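The values are calculated or read from the model by the stated rules, or taken from the named source; none is laboratory data. Every value quoted in this text rests on a predicted model; they were computed, and no experiment measured them. So basically every Cβ, Gly included, is an ideal-geometry build from the backbone, and we count neighbours across all protein chains shown. For accessibility, only protein heavy atoms count, side chains too; no ligands or nucleic acids. Shrake-Rupley method; radii C 1.70, N 1.55, O 1.52, S 1.80 Å.
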Amino acid sequence: MAFDIEKTLAHIPERSLKADAIKATGLQNTDDVISMGVADMSFKPPSVVLDELTNEIQQGFFGYYGGKNNYKAALKNWMKKMHSWEPKSEWIHTAHGLVAAIGTALRAYTSKGDGIILFSPVYHSFKKIIQANDRNPIECRMDLCKGKYYLDLGRLEGMLTGQEKMIIFCSPHNPGGRIWSLEVQRELAYFCKRHNLLLIIDEIHNDLVFPKNKHVTFPLAAEGLFDNFILMTSTTKTFNIAGGLMGNVIIPNIKLGIQFSKANMATGESPNRFGMIMGERAMQEGQNWLKSLMEYIDENRNIFDHEINSIPLVRSIRLEATYLAWVDFSKLGQDESSIMKKLVSDAKIIANPGSSFGLGGNKFVRFNLATSKEIVKEAGERIRSIFEN
Ligand SMILES: Cc1ncc(COP(=O)(O)O)c(C=O)c1O
């Protein structure tokens with residue numbers, strides 16, 4: 001069962017964040033607006049997932065979820081098949097989405113005022129959830145060299161004050177789509193060990209990897225040297241089922257697992273029936289769909305990069321993973337608000353301003369490429385026509 005482009009959604013559904021973002025532009029005529037902000041895809045999930053949910057609806061049972069053991073078996077199998085590492089069942093906890101899980105982890109392992117380290121620019125909700133929990137985000141800026149981001153652990157070491165308790169690490173990285181090698185992750189593991197830092201690894205984009213690239217799941221890098229970590233994964237990005245709000249929190253360290261369980265219980269967490277059912281089915285039979293999806297988005301990436309890189313002084317960072325293009329407009333000499341204004345008013349494109357991703361993001365823009373080729377081409381042409389002169 002391969003990915004089928006005919007299954008592209010014809011319209012942006014009314015009850016979606018994308019529809020809200022279009023309304024928020026305030027544009028009179030929104031018919032030709034291209035929505036490239038919100039990180040979900042314009043594609044229907046695999047048909048096995050749709051069929052499974054349809055069966056559930058026809059059955060008419062919308063009560064509490066049960067059947068976690070089957071879900072865990074599907075996850076273990078998926079991790080083994082896709083990432084060559086298999087968690088034990090008792091290491092797997094569920095959550096209402098990974099941002100919620102990070103909030104739970106913050107409350108489980110840190111105290112108000114503690115420093116929480118991020119490698120910026122990074123997914124904006126990390127900083128928000130840290131601040132909403134009264135912890136202190138510490139942004140360590142990554143270096144961008146020849147179109148690739150690098151961690152600078154020397155810089156981070158120089159920033160440490162002793163108040164830092166945790167690092168939240170995004171792998172593959174959003175934005176920029178960087179895949180972190182085993183060696184880089186091992187260095188990070190040593191760093192955390194040396195400084196007694198708990199490491200949260202958000203691998204929500206771990207399956208969205210372009211052909212010829214390989215994601216390395218963190219436990220492979222940490223094996224035998226470090227277990228003060230929490231691995232978070234999900235099916236929601238991979239199969240476009242983010243509305244199913246669920247996620248996996250994998251904790252090999254028994255003591256950390258007990259602490260997380262307690263904090264999770266304090267939130268009243270019990271699995272979202274529809275998310276779990278969709279996720280389980282997707283992991284059982286979604287591999288071919290995913291392969292075709294990434295081949296399709298790979299072509300989108302080429303189309304988009306070709307258009308963008310033909311604009312003098314503008315560069316699209318070459319993605320290794322994710323469908324979220326990251327474009328550097330900083331050499332244009334325009335401020336970010338005017339770049340964003342031109343995108344919305346002139347190009348009629350909604351995208352994410354880079355400054356919302358923290359240090360090093362200013363004058364970059366993130367564009368979602370998980371839509372049809374025609375739309376990606378049209379978007380690239382509009383951006384080129386506006387910024388090429
Ligand atoms: C790195 C990262 N983590 C988490 C999320 C959101 O996860 P959830 O919907 O499970 O809260 C996103 C969404 O774009 C993301 O990019």
Quick one: how many Å² of THR267 are accessible to a 1.4 Å probe, rounded to 10?
70
Within region 75-119, DSSP-loop trypsin sites (Lys or Arg not before Pro) with at most 12 other C-beta atoms within 10 Å are LYS88, LYS112
Cα centroid of region 43-121 to Cα centroid of region 323-346, whole Å
34
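Longest segment of the chain with no chymotrypsin sites (Phe, Trp or Tyr not before Pro) in a DSSP loop having at most 10 other Cβ atoms within 10 Å?
On the way: sites that count: PHE61, PHE62, TYR64.
The answer is 65-389.
Kindly sort LEU313, LEU106 by accessible area of their heavy atoms, largest first, with the probe set to 1.4 Å.
Details: LEU313 105, LEU106 0 Å².
Largest accessible area first, the residues go LEU313, LEU106.
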Any chance you could run the full-extension gain for LYS128 through THR267? It's 0.36 nm times the residue separation minus the Cα-Cα distance, nm to one decimal.
48.2 nm
Report the percentage of all Cα-Cα pairs in region 88-194 whose separation exceeds 20 Å, rounded to a whole percent.
44
Taking one equal scatterer on every alpha-carbon of region 54-285, how large is log10 of I(q)/I(0) by Debye at q = 0.08, 0.10, 0.14, 0.17 1/Å?
-0.28, -0.45, -0.88, -1.31
Using each residue's phi in region 202-208, evaluate 6.51 cos²θ - 1.76 cosθ + 1.60 at θ = phi - 60° and report the 3J(HN,Hα) Karplus result to the nearest Hz, with x for Gly and Pro.
8, 10, 4, 9, 5, 9, 8
Whole-Å distance, taken between Cα centres, linking region 182-238 and region 247-294:
16
Within 10 Å of each candidate Cβ there may be at most 13 other Cβ atoms; applying that plus a DSSP loop requirement, which trypsin sites (Lys or Arg not before Pro) in region 212-307 survive?
LYS212, LYS214
State which helices in the chain qualify, where a helix is a whole DSSP H run, it must extend 15 Å or more along its own axis by its Cα atoms, and its mean Kyte-Doolittle hydropathy must be at least -1.0.
47-59, 98-109, 182-194, 254-266, 273-285, 373-387
Considering every Cα-Cα pair within the chain, what fraction, in whole percent, is farther apart than 38 Å?
17
Output the antiparallel fraction of DSSP beta bridges having both residues in the chain, as a percent to the nearest 5.
50
Of VAL49, ILE204, MET283, which is farthest along the charge dipole of the chain in the positive direction, counting Lys and Arg as +1 and Asp and Glu as -1 at C-beta?
ILE204
